[in-house]
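Read through the structure below, which is laid out as structure tokens, and then see the notes.
Nothing in this text is a laboratory measurement; each read-out follows from the coordinates by a stated rule. Quick caveat, the model's predicted, so the values are computed rather than measured. No Cβ is skipped: glycine too gets one built from the backbone with ideal geometry, and neighbour counts run over all protein chains shown.
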Amino acid sequence: MSVTVRSPGVRSIYGSARSAKALGSFSRPRANMAVQSNVISVAPILTKLKEDCATPLPVLRHLAAAMASDMRAGLAVDGGSDLPMILSYVDALPTGNEEGLFYALDLGGTNFRVLRVQLGGKEERVITTEFEQVSIPPELMFGTSEELFDFIASVLAKFAEKEGGEFNLPDCQTREIGFTFSFPVKQTSVDSGILIKWTKGFAVSGTAGKDVVACLNEAMQRQGLNLRVSALVNDTVGTLAGARYWDDDVMVAVILGTGTNACYLERKDAIPKLQSHNSTSGGMIINTEWGAFSNDLPLTEFDREMDADSINPGEQIFEKTISGMYLGEIVRRVLLKMARASELFGDSISEKLLTPFMLRTPDICAMQQDTSEDLEVVGTILLDVVGVSSNASGRQIVVEVCDTIAKRGGRLAGAGIVGILEKMEEDSEGLIFGKRTVVAMDGGLYEHYPQYRAHLQEAVQELLGPQTSTNIVIEHTKDGSGIGAALLAATNSKYGHNF
Ligand code: BGC
């Protein structure tokens, strides 16, 4: 499927038509629901789940401090902690003066996007954006590197053919492209980087250990496409650059979607592992890859089992606890245990309930938006998606399970953000908490799941206290990573800046 849009558009690797329709106000607590036998038999499971997922303030404080200390250890030396703290080599951020026509390719989940952005300098800013969004055929997520990159390059070639004739470059120049690649990459420069590992369910063979820019270049050559990658960026880095183009106070960017990650602007003198890198500026964006964080997280038996059954056991534990790819699956595992221990859904267990990843995060989100007396939407989703019948009291329990998992995820994400801000503040007292500081946020989980978002914001406020919280602005910046990559392609243009 492919959609072409002129002008800024919508990306959602997370939302679905079904969930979007069901999204609305917060769910209300329902009083006096009949207590039935299934309530009694699942009660111990629910109680234990809530205990294991609890995130009181001291736990959040501890996690924020652990995040900050893992950041320092990861900045000191590669492998110094769970956090890779990847050098992005992005040390010049867009200023607003950028001009010209640039391409971007945004590969990060089950969809990828190609963009063409016309930049008009300080006066005109982003004149036009055209993009095309394409779903990656599922078999390519498990195929070979060549197959994946050939597919991407073929979409890019068709998109490039549609460019109007109004942008002529001098004969010796090639169009430039910013490549947003949302997986952990060890960058060796701003336009090269070696894939460390795939995440988010990708298992493409032959890419790990290779330069992903070379993979893309070779595929573009096979298509006869004359484009040059001038910036390779993580989606968080693209988001930070895109948001910073409009607002100088942006210091951190976070993605909460299928996967999760955060990056921030670090001072060069606070990066011991950055040895000799000549640059004009005193800072560099660091891609934390915080999905790999794992210190003292409040985990349950369901998380452990899901991790053990995953294609990357022991890895990306923070991501598996807080991101969109996994929340629905954790809930499914809880419901399965409840169904086995009681008659929550009658006396048989459906095939669908037994199937991993059948229940998705948009489903649990939609269930939490149900404000009807008998939780009819919850009943329909349970029937349609996991093939089980339910009564009103059973549905109430299901909603509580969803909220427990969403609350833990949102609050842990909030603690992670505060960990980053505290680390930055410790190194530059007053420059973060003493003034307006913006955290640019993107991703379908944050955008479409109001309860998750509320839990995150609440945790940030609890941790920072009322006064400091007023200076910290979490701003949703939609689809910034593609434009951010195009802007960084301009900033790092080989042909220098005519601005
Ligand atoms: C990847 C990150 C990416 C994040 C959000 C994670 O799985 O490791 O590189 O930024 O997802 O897309």
Q: Kindly write out, for the range 140-157 in residue order, the coupling ³J(HN,Hα) from the Karplus curve 6.51 cos²θ - 1.76 cosθ + 1.60 (θ = phi - 60°), rounded to whole Hz, with x marking Gly and Pro.
A: 6, 6, 10, x, 9, 4, 4, 4, 5, 5, 5, 4, 4, 5, 5, 5, 4, 4
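Going highest first, how would you order 220-229, 244-253, 118-127, 58-67 by mean Cβ packing within 10 Å? Before the final figure, lay out the partial values.
On the way: 220-229: 17.2, 244-253: 21.3, 118-127: 14.1, 58-67: 18.9.
Result, highest mean Cβ count within 10 Å first: 244-253, 58-67, 220-229, 118-127.
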Q. Length gain on complete extension for the stretch N97 to E305, per 0.36 nm per residue less the alpha carbon to alpha carbon distance?
A. 69.8 nm
Q. Amide H of N111: which non-local residues (sequence gap of 5 or more, or other chain) have their own amide H closer than 5 Å, using H built in the peptide plane?
A. I136
Q. What is the distance, in nm, between label points placed 7 Å from the Cα along the Cα-to-Cβ direction at Y495 and at A76?
A. 4.7 nm
Q. Using a cut-off of 16 Å between alpha-carbon atoms, which lysines can reach K435, once sequence neighbours fewer than 8 places away in the same chain are excluded?
A. K423
Q | Gain in span if fully extended, Q457 to I349, counting 0.36 nm per residue against the direct Cα distance | A | 35.1 nm
(Q) What whole-number distance in Å separates the alpha-carbon centres of the range 299-317 and the range 347-426? (A) 18 Å
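Of K407/K478; K48/K337; K210/K320; K48/K407, which ones are farther than 19 Å apart at the Cα?
As for pairs spanning more than 19 Å Cα to Cα, those are K407/K478; K210/K320.
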**Q.** Length added when fully stretched, S69-E124, from 0.36 nm per residue minus Cα-Cα
**A.** 15.5 nm
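Run through the DSSP bridge list for the range 89-233 and note the antiparallel percent, rounded to the nearest 5. Kindly include the intermediate steps, with their values, before the conclusion.
On the way: 23 of 35 bridges.
In the range 89-233, approximately 65 percent of DSSP beta bridges are antiparallel ones.
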Q | Estimated distance in nm for a label pair at F142 and E161, the labels positioned 7 Å out from Cα along Cα-to-Cβ | A | 3.2 nm
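Taking each pair of distinct Cα atoms in the chain once, what is the resulting Kirkwood hydrodynamic radius in Å?
Numbers: mean 1/r = 0.0426 Å⁻¹.
Evaluated over the chain, this radius sits at 23.5 Å.
In deg cm²/dmol and to the nearest 500, what is the mean residue ellipticity at 222 nm of the chain if only DSSP H runs of at least 4 residues count, each as -39500 (n - 2.57), divided by the residue total?
Numbers: 16 runs with 209 residues, N = 499.
Rounded to the nearest 500, it is -13500 deg cm²/dmol.
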Q) For the range 89-233, what are the per-bin percents of Cα-Cα distances with bins 5 Å wide, up to the bin holding the maximum? A) 2, 9, 18, 23, 20, 14, 8, 4, 1, 0
Q | Positive-end residue, the range 288-360 charge dipole about Cα centroid, Cβ charges, pick of S348, I311, W290 | A | S348
Q.
Among DSSP bridges having both ends in the chain, what percentage is antiparallel? Round to the nearest 5.
A. 65 percent
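Treating the beta-carbon of each Lys and Arg as +1 and of each Asp and Glu as -1, no other charges, what is the dipole magnitude of the chain about its Cα centre, to the nearest 20 debye? Working shown, then result.
Values: 45 positive and 63 negative charges, 74 e Å.
It comes to approximately 360 debye.
Set the Förster distance to 35 Å, then compute FRET efficiency between L169 and L383 from the Cβ-Cβ distance, nearest 0.05.
Numbers: r = 57 Å, r/R0 = 1.63.
Computed FRET efficiency for L169 and L383 comes out at 0.05.
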Q) Sequence-distant or interchain residues sharing an amide H contact under 5 Å with N261, placed H: which? A) I255
